[in-house]
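So the structure is just underneath, and the comments pick up after that.
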Ligand code: PMT
């Protein structure tokens, strides 16, 4: 049974946004609620896997049986993913990691001034790219939140980041992607499989995804 298949598997999942501090009262972030990643963790745990969930700042309860590691910044998420990466069977980056952080975090609150404000940003580490480069036995899955040419950009990420599969959500569509309780995704695998999962609750989408990845691990 699938439960048996998963009972000896280790699964590492990231979820939620990251938060990059500008000064003591302000930060740079995005709309991720963590629901998609927490649903994946819940689904994998229910199917018997040993699940580690690296969570950005979100307002969600830890799914039963899941080991949770809370982080705030992209750098902390990178460290947490890397230090738990070695012995995993399935690794899924569903977090919406900030691509940029302020070059400098101001120690005191920035005071209002006349005119415009300029804050300089620098790139954060591309966690998924690093995980792809260090991949051994892990089946590595990325997400792609796109608004145009979703298949093109999805395929590009699949190859460039050396992934085994990519889950693409077209976040310009109603009921898809950030915040809500539903999602609709296109899954593309390295082996060339393409599958659309029709609009459903994030929990149902998560179960379908975990089942597909476990199947793929089994046959590869
Ligand atoms: O949390 P919810 O409200 O439920 O919303 C779910 C979701 C929309 C956040 C989720 O379904 C999703 O699409 N997550 C990925 C969002 C994203 O950041 O996509 P991206 O196309 O910018 O990044 C591509 C991939 O690279 C992602 O797997 C991302 O985790 C990873 N990445 C990005 C930047 C970075 N510095 N390091 C990374 O590892």
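Every number in this text was worked out from the coordinates using simple rules, so none of it is lab data. Every value quoted in this text rests on a predicted model; they were computed, and no experiment measured them. Don't worry about glycine lacking a Cβ; one is built from the backbone with ideal geometry, like all the others, and counts go over all protein chains shown.
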Within segment 111-203, percent of DSSP bridges classed antiparallel, to nearest 5: 60
- request: Identify which of 154, 180, 34 has the largest mean-square fluctuation in a Gaussian network model of the chain, with springs joining Cα atoms closer than 10 Å.
  value: 180
task: Show me 82-88, 50-56 ranked by packing, highest mean number of other Cβ atoms within 10 Å first.
output: 50-56, 82-88
- prompt: Taking segment 149-192, how much of its Cα-Cα pair set, in percent, is spaced more than 15 angstrom apart?
  reply: 42
message: Counting C-alpha atoms alone, how compact is segment 116-159: give Rg to one decimal and Dmax as a whole number, in angstrom.
response: 14.7, 50
message: How large is the convex hull of the C-alpha atoms of segment 1-106 per residue, in Å³?
response: 88
- line: One would report the antiparallel percent of DSSP beta bridges in segment 13-141, rounded to the nearest 5, as 30
statement: Listing 25, 185 by rising number of other beta-carbon atoms within 10 angstrom, fewest first, gives 25, 185
query: Ratio of segment 110-186's C-alpha Rg to 2.2 N^0.38 Å, to two decimals?
result: 1.49
query: Where does the chain land on the Kirkwood hydrodynamic radius, alpha-carbon pairs, in angstrom?
result: 17.9
query: Given the options 199, 131, 158, which has the most mean-square fluctuation in a GNM of the chain, springs set between C-alpha atoms less than 10 angstrom apart?
result: 199
- request: With springs connecting C-alpha atoms under 10 Å apart, model the chain as a Gaussian network and identify which of 136, 193, 111 has the largest mean-square fluctuation.
  value: 111
- prompt: What nm distance separates the two modelled labels at residue 8 and residue 130, each placed 7 Å from Cα along Cα→Cβ?
  reply: 3.2
